[in-house]
1. Rounded to whole Hz and in sequence order, give me ³J(HN,Hα) for the stretch 125-130 from the Karplus expression 6.51 cos²θ - 1.76 cosθ + 1.60, θ = phi - 60°, writing x for Gly and Pro.
2. Evaluate the distance, in nm, between pseudo-label points positioned 7 Å from the Cα of A504 and of R42 along their respective Cα→Cβ axes.
3. Could you work out the helix-only [θ] at 222 nm for the chain, with each DSSP H run of four or more residues adding -39,500 (n - 2.57) and the total divided by the number of residues, to the nearest 500 deg cm²/dmol?
4. Say R0 is 35 Å: what FRET efficiency, to the nearest 0.05, do Q374 and D26 get from their beta-carbon distance?
5. Would you please give the FRET efficiency between E552 and K209, computed as 1/(1 + (r/R0)^6) with r the Cβ-Cβ distance and R0 = 56 Å, to the nearest 0.05?
6. Pairs K209/K299; K296/K393; K8/K244; K299/K538; K486/K538: which exceed 27 Å Cα-Cα?
7. Note the per residue figure in Å³ for the convex hull of the C-alpha positions in the stretch 1-142.
8. For the stretch 11-78, report the % of Cα-Cα distances exceeding 19 Å.
Amino acid sequence: MQQHPWWKNAVIYHIYPRSFRDATGDGLGDLQGITERLDHIRALGADAIWMGPVFRSPQVDNGYDVSDYRDIDPIFGTLEEMDLLIETAHQKGVRVLLDLVFNHSSDQHLWFRESLRDPDGEYGDYYIWRDPADDGGPPNNWRSFFSVPAWTYSPERQQYYLHLFAPEQPDLNWENPKVREELAEVANFWLHRGVDGFRMDVINVISKKPGLPPMVDGLRSGLYIDGPKVPGYLQEFRSRLLRKDALLVGETPGVTPEAARQYTLPENGALDMVLIFDHVMLDHGPGGRWDPRPLKISKLRSVLTDWQATLGEPSWPSIYLANHDQPRVVSRYGDDGHYRYQSATALAAIFYLQRGTPIVYQGDEIAMANYPIQQVDEIVDIESRNAYTYLVKDDGVSPEEALARVRGNARDNGRTPMQWSDRPNAGFTDGENSPWYPPNPDYPRINAAAQDLCPPSPEIVASTVEAGARPSSVLCFYRRLFALRKSSDALLRGSYASLPLPEASNVAAYIRQSEGDQVVVVANLSGEEASWESPHGKLTTLLSNYLPPSSEGSHRLRPWECRILSRVL
Ligand code: ISL
């Protein structure tokens, strides 16, 4: 395994295709739109794109229910347009990662239709079927991630099938070697067409505990999260790939530190990186995602530090602020009002300069905010809508309270159309058709075009923009942040050491260090002034989200101020 492969230096840009750019004018994002906007991605300093699923799908879960793994859904385009996208991206120095949804398929996939029709046929054992329990009910008490029971009865086959997500997403039976072979062949079909790797959807739930024992206290870990055969399945999968250097990033909800290390240790030949979840669950109350609580910065600090230790050498972390399953980070953990620019840039700096590969979710680079959901009909995402329904139906929560609890964390917040300009529909689509989801009403003010005029020097802003000038845009800050990261050996390869801060402090700070190069990163993650003990030594400001930047040795941090300092001992 190469010591420092391309993806350790890279920045990955995460595209939600249906909301990125609609080039055909039907109101839905498409492959042509992605090809058209690759320059925006390259200008950000990104070296790869991860595209959400664009395979044929009934779209029950916006493409995470695949009915044909080897074809492109017509709403996104064609195989030829995918080939053009891959070719164009490569010409621009951008690698392409696809999103493999291999824990489950759509119930419209041929395999499932055949499995249902002919239990003894070739596909009979491609899914997880069980006889009813003695009382005729489901085989066990498992609940899915989408609030519904995890089993659905088929009168045709007179058995239940397992689905950890929606009933339209039956779990594939990874115990069946034929299934594992088929899925490796799907990956090779795309590697053969030139893709460079994959994000693998909920890949740590593919192995279920033998006997499918009952769920106790709602605990999934060990039952079907980080199940016993996940490492072995992944090693076998990697061994079958056309390209041994294909990048494999596993999405691993609820992954434990031990399992994350096991999945990413290079000698294990499983995954290269995992997408962890602890930092996107910090505002979950006892009732989980739909029982939100305010974020405590001390908890965020320890989560960041703990996972940097867990995935230290020789593992390698991925780093993300948000994605298509999460609310917009500037609304969730920042301030999408007065301190929008400062909080968006401070969060980006403190997250993305950690040791690891940054993954930027479309729209975060311009600080897009949550959609102002006022009524339940504006919650169209299946997981979020189910949460609302079951809060009212099962938990006896009032509709008003249920809406209040779901709207802030609803997945719809991060799925609104990308805001390209102040043109109609945020420049997402030029057609007559309305976008599939309305753009955030703030798009005339918050859009890429309005933020694209960056001062000349992309590397070091402090010395290129005269003191006192209005801070630059979020987009310009992101560009400088990633240019700075690329220019610094400490930020690319260096070690990570957090700086101690009092429990009550809203400041986060750490030092990145490689031979002879030290970078100190500090951020005040609050709207109040804060203080910190800057480390001794000669400090020089490399980047700040305030202009003029504070003096190097200043212990004072303004609201949401971040500073990136080189340090010479
Ligand atoms: O974040 C989550 C846990 O509350 C869920 O929103 C999410 O379902 C989970 O992270 C798994 O996500 C992945 O698999 C799902 C799909 O709906 C998500 O979009 C995908 O990212 C099922 O394929």
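The values are calculated or read from the model by the stated rules, or taken from the named source; none is laboratory data. Please read these numbers as outputs of a predicted model, since none were measured by experiment. With ideal geometry, Cβ positions are generated from the backbone for all residues, glycine too; neighbour counts draw on all protein chains shown. Each accessible area value is taken on the protein alone, full model and side chains, heavy atoms only, with ligands, DNA and RNA left out. Shrake-Rupley method; radii C 1.70, N 1.55, O 1.52, S 1.80 Å.
1. Going residue by residue, I get 10, 7, 10, 9, 9, 9 Hz, with x marking Gly and Pro.
2. Modelled inter-label distance: 5.2 nm.
3. Dividing the helical sum by the residues of the chain leaves -7500 deg cm²/dmol.
4. 0.85
5. 0.55
6. In this structure, K209/K299; K296/K393; K299/K538 lie more than 27 Å apart at Cα.
7. With only Cα atoms used, the stretch 1-142 gives 179 Å³ per residue.
8. Every Cα pair in the stretch 11-78 considered, those over 19 Å come to 32 percent.
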